[in-house]
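To keep things clear, I will list the structure first and then write my remarks on it.
Read-outs: derived from the displayed coordinates by stated rules, not from any lab. No experiment lies behind these values; they were computed from the predicted model shown. We place every Cβ from the backbone using ideal geometry, glycine too, and count neighbours over all the protein chains shown.
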Amino acid sequence: MPFARAGARGAMRFTPKRQRDFMALAKLAAHQAMGNRPPLEGPVELCVEAVFLYPKGWSTKKRAAHTWKLSRPDLSNIEKLVEDSLNEIVFLDDSQVVRRGPGCCKRYGDRAETHITVRSLGGPAE
């Protein structure tokens, strides 16, 4: 199932459990990385590298031929989920994200993991 944006059933808004669980892990990691430092102010660059496990049935030859994950979830949805998770922890608001880092991607690997890098671009907060 792909990462879904928050949905609605009638007037009640909800975030699917899978996304809530991912966000909880991202928030925990963000708190640990930030320690006692306050959230960044001003413009920031965000880089998300999402690594997905190869499908079980893929041979070694097929794995070697496929680096990039072309199927869902969309990279932009993963990035938005990360932005929402880091709000008020790493930066004050996700509107501060003004640039994507050079390593943003979604790919296959032997271990499922997500690497998140946030860099202050300096300059005044507005």
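Over the Cα atoms of the chain, what is the Rg over Rh ratio if Rh follows Kirkwood?
Numbers: Rg = 16.3 Å, Rh = 16.0 Å.
Ratio of gyration radius to Kirkwood radius for the chain: 1.02.
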Just for region 39-120, what percent of DSSP beta bridges are antiparallel, to the closest 5? 45 percent
Correct response: the longest run of the chain lacking exposed trypsin sites (Lys or Arg not before Pro), defined by DSSP loop and at most 13 other Cβ within 10 Å, is 57-110
Within the under-13-Å Cβ sphere about P55, not counting P55, Lys/Arg +1 and Asp/Glu -1 give a net charge of +3
At 7 Å along Cα-to-Cβ for each site, give me the label-to-label distance between E41 and K17 in nm. 4.2 nm
Exceeding 26 Å between C-alpha atoms, which entries from my cross-link table qualify? They are K17/K106; K61/K106; K27/K62; K17/K62. K27/K62; K17/K62
Proxy exposure order for S95, S120 (fewest C-beta within 10 Å first) is S95, S120
